[in-house]
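Here the structure is laid out as structure tokens; the discussion comes afterwards.
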Amino acid sequence: GGRRPSGHGYHRNSFGNKRARFMPKALDPRMFVRAAMPEMQDEIITQHTFEDFGLSKQLLDNIQAKGYVTPTPIQDQALEASLAGRDVLGLADTGTGKTAVFALSVIKNIIAYPNETALVVAPTRELAVQIRDEIRSLSTGVQIYSSLFIGGSDIRRQLDDLRRRPNVYIGTPGRLRDLYNRRALFLDNTRTVVLDEVDRMLDMGFVHEITELLSFLPKEHQTLLFSATIDQKVEGIALNFMNNPVKVSVKTNAGSLNVDQNIIRASGKQGKIAVLNDLLVKETFRKVLIFGRTKYGVEEIAISLKRSGFNADSIHGDKRQNQRETVMRKFKDNQIRILCATDVAARGLDVKDITHVINFDQPATYDDYIHRIGRTGRAGKSGIALTFVD
């Protein structure tokens, strides 16, 4: 008997949501069928070249070394404001070149004020790693030290890293807050903060961590916030923590337009695996991303494919961070042809030349579906998305 502790309802709700998340109501299969539309996009006229932004010769050389020739639409519209120290609210998908917008701003600020630090918060470990790599390559030849602070990695090494006084802290919300609470992460000199894929962080329940981290920052700082969608929660963060932001929107959804979408009928796990085997032997399935709903399910698919002799592997939350990084590197370098992943593990995944996305399990929401299929058909190429339906 006795009264329940008052916090109990919250746990029950969050558990209830979790259940709902894992047992989604099936979406209407007709939503998964759509022919690719050739891109009718007019030639995008950019207003700027990279030379227009007042960047140092070293940074311009680094941009050129990465093969960036003309600014992408988000870079064209947001770089001027962000490099001038304004707050920027950018509505943009993965693969639009937004990382370079905030990376260049962070680097330029630290070159100008070497005693200041920058904080970059991302929803997943994979995205944090990609951001670190981008900042490193764009800051070649510049004395800037950036460090990664993510869950699933040895916290002692991260504590050692903090003693080396990095200029840029890049990490996931939970681990960053943990390090701050251990009095290891100091944000007193942090004058630039980047929140990437904010909508995903909020979907993943990180609202407390984010608001707490932002509240630890000095009053005077620049905030760069990027999101694929803007809803009330994202608006709320922007209103509370941003100062008269410049709003830039380059939502194209062109991603899903050049993806040929179709369904495959198959019943039960074994039925789906059999069909999958038949598909993957075809020559056209060169680089394939397979989505499953649970960590266990994704692992099972990968093991089954490996047994059938396919060059496959998996990423999900139960794998250690270094394992996930190794798998991602092999997939990027074509040493692995088939990657099985959960939604969370594939957030922000930016891998070139994925020919097919296969939804072994249907996504929980149509939004998740668009996010999944957007991993193929990138950078003007066409892609194919197939969804299993019972």
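The values are calculated or read from the model by the stated rules, or taken from the named source; none is laboratory data. The shown structure was predicted, so the numbers you read here are calculated from the model rather than taken from an experiment. No Cβ is skipped: glycine too gets one built from the backbone with ideal geometry, and neighbour counts run over all protein chains shown. Side chains included, ligands, DNA and RNA excluded: accessible areas come from the protein's heavy atoms. Shrake-Rupley method; radii C 1.70, N 1.55, O 1.52, S 1.80 Å.
Here are the numbers for the structure shown:
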item: Residue under evaluation Ile384, criteria (1) assigned to a loop (DSSP other than H, G, I, E, B); (2) at pLDDT 90 or above, criterion not met; result: (1)
item: Flag if Gly236 is part of a helix (DSSP H, G or I) and within 29 Å of Arg30 (Cα to Cα); result: no
item: Residue list for segment 100-126, restricted to those being under 22 Å from Asp188 (Cβ atoms), among the charged types (D, E, K, R) and not in a loop (DSSP other than H, G, I, E, B); result: Lys108
item: Residue within segment 358-368 that is within 12 Å of Phe291 (Cα to Cα), among the charged types (D, E, K, R) and either free of Cβ contacts under 8 Å to residues at least 12 places away in the same chain or outside any loop (DSSP other than H, G, I, E, B) (or both) present; result: yes
item: Residue list for segment 278-317, filter: among the small types (Gly, Ala, Ser) and outside any loop (DSSP other than H, G, I, E, B); result: Gly297, Ala302, Ser304, Ala312, Ser314
item: One residue from Leu217, Leu195, Leu213 being surrounded by fewer than 20 Cβ atoms within 10 Å (Cβ to Cβ), closer than 17 Å to Asn240 by Cβ and touching a residue at least 40 places away in the same chain (Cβ under 8 Å); result: Leu217
item: Residue check for Asp343: under 30 Å from Gln158 (Cβ atoms), open to solvent by 10 Å² or more (accessible area, probe 1.4 Å), touching a helix residue (DSSP H, G or I) at 6+ places or on another chain (Cβ under 7 Å) and part of a loop (DSSP other than H, G, I, E, B); result: yes
item: Residue check, Lys66 modelled with pLDDT under 95, of a type in the set (Lys, Arg) and within 19 Å of the chain's Cα centre (by Cα); result: no
item: Search result, residues across segment 274-323 that are open to solvent by less than 50 Å² (accessible area, probe 1.4 Å), among the aromatic types (Phe, Trp, Tyr) and closer than 26 Å to Arg125 by Cα; result: Phe291
item: Within segment 68-83, considering residues that are closer than 17 Å to Lys98 by Cβ and not in a helix (DSSP H, G or I), the one least open to solvent (accessible area, probe 1.4 Å); result: Pro71
